[in-house]
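The values are calculated or read from the model by the stated rules, or taken from the named source; none is laboratory data. No experiment lies behind these values; they were computed from the predicted model shown. FYI the Cβ positions are ideal-geometry reconstructions off the backbone, even for glycines, and counts take in every protein chain you see.
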Amino acid sequence: MTAEVVRPDRPGLRRAADTLRAGSVCAFPTETVYGLGAHAFSRSAVEQVYRLKNRPTWNPLIVHVPSVAAARDLAAIWPAAADELAERFWPGPLTLVVRRSPGLNDVGRTPADTIAIRVPAHEVALQLLDACGLPLAAPSANRSEGISPTTARHVVQSLPEVPLVLDGGPCAYGIESTVLDLTEAAPRLLRPGALSLRALRAVAGPITVPDTTVADGSQRPSPGMSRRHYAPRAKVELVDEFPAAAAGGVLTYEGHEADAQSPRGGGPQVAEVLSADPREYAADLYAALHRLDDAGVDRILVRRPPDGEDWLAIRDRLGRAAA
């Protein structure tokens, strides 16, 4: 079976909403990556998500809702910081982890009794949430540990068994949302992402930035904390300098175009030169890794991204891809 790709027009949205209300799954675009949506509190629907992705059950899901009011309904405690952050950044690429409402069923319950929530900014995602009337769990629509999808084609390549994909074009941000834990006195970064720490600090004040790698099998409050994640089929190697003859794939950025061509003239099989602007680099990172994988290279040499907070999420993704 091959996934059916449909336009996110009125008939397409109606079909997607009907699919979700019937207890099945549907892939749809967000401003970060494409998500594999399912009713967040339907055990059978969520089980389909884990099965299709081959995702371990200890890796939790983020719940997508259409509004701040809908998010508050899922929380036992909605701290003042959540209101301030939501007012500034929702809809948008920010996920907040809060205490879970005792009125919810046990589907997706974490040992710490938390829930991860966000309001996506993509028009199609918001229209789908409105049309189906359900809170949607929506991890990236790809096989577990693989490269996240930023186009409908990436979804079909990775998860051909998904019954329906809403094609909303390429995702604007290209990497996942930033995840912030608000269950402690000081906000704590669980996953760097599309929203910068600088922007968050301007609203929330000091933010704790711990080592967010968690051993496989260990419970965690957020996705994106496993040692290996976001990885292409090819072996990823981070390098500070490229060898004279770099066979395979090369991923570098503006200002280092020489990386894409060996001084000996042999050159790599495939080269990708991304922007030196971290926002633009992030927007094309997964798509570039998909292109290198599609070219059939067996290894990808990646120039190590610059230090600095603006590159934090990119370094996180590439570090996990190379693990």
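Worth pointing out:
- One residue from VAL250, VAL297, VAL270 being within 14 Å of ARG233 (Cα to Cα) and modelled with pLDDT under 95: VAL297
- Of everything listed in (1) farther than 18 Å from CYS171 by Cα; (2) surrounded by fewer than 23 Cβ atoms within 10 Å (Cβ to Cβ); (3) in contact (Cβ under 8 Å) with a residue 24 or more places away in the chain, the single unmet condition for THR57 is (3).
- Residues that are surrounded by 19 or more Cβ atoms within 10 Å (Cβ to Cβ) and either part of a loop (DSSP other than H, G, I, E, B) or hydroxyl-bearing (Ser, Thr, Tyr) (or both) within the range 126-144 comprise LEU134, PRO135, ALA138, PRO139, SER140, ALA141, ASN142, listed in sequence order.
- Test: ALA81 is farther than 22 Å from LEU20 by Cβ and without any contact (Cβ under 8 Å) to a residue 40 or more places away in the chain: no
- Residues being over 17 Å from the mean Cα position of the chain (by Cα) and on the phi > 0 side of the Ramachandran plot - total across the range 123-158: 1
- Scanning the range 49-79 for residues that are more than 18 Å from ARG109 (Cβ to Cβ) and among the polar types (S, T, N, Q) returns ASN54, SER67.
- Of the candidates ALA194, ALA202, ALA172, ALA185, the single residue that is in a loop (DSSP other than H, G, I, E, B), over 16 Å from the mean Cα position of the chain (by Cα) and among the hydrophobic types (A, V, I, L, M, F, W, C) is ALA185.
- Odd one out for GLU241, checked against (1) without any contact (Cβ under 8 Å) to a residue 12 or more places away in the chain; (2) in contact with an Asp or Glu (Cβ under 7 Å, 6 or more places away or on another chain): (2)
- The set of residues in the range 21-62 that are polar (S, T, N, Q) and closer than 11 Å to ALA138 by Cβ comprises THR30, THR32.
- Tally, over the range 141-200, of residues that are over 22 Å from ARG55 (Cα atoms) and either basic (Lys, Arg) or not assigned by TED's automatic domain parsing to the domain that holds PRO120 (or both): 2
- Residue satisfying all of: in the range 146-169; touching a Phe, Trp or Tyr at 6+ places or on another chain (Cβ under 8 Å) and part of a loop (DSSP other than H, G, I, E, B); nearest to ARG15 (Cα to Cα) among these: GLY168
- Long-range neighbours under 9 Å by Cβ, at least six apart or interchain, first residue farther than 12 Å from LEU274 by Cβ within the range 287-300, second of a type in the set (Ser, Thr, Tyr): HIS290/THR150; HIS290/THR151
- Out of ARG55, ARG51, sole residue that is of a type outside the set (A, V, I, L, M) and out of contact with any Ser or Thr (no Cβ under 7 Å at 6 or more places or on another chain): ARG51
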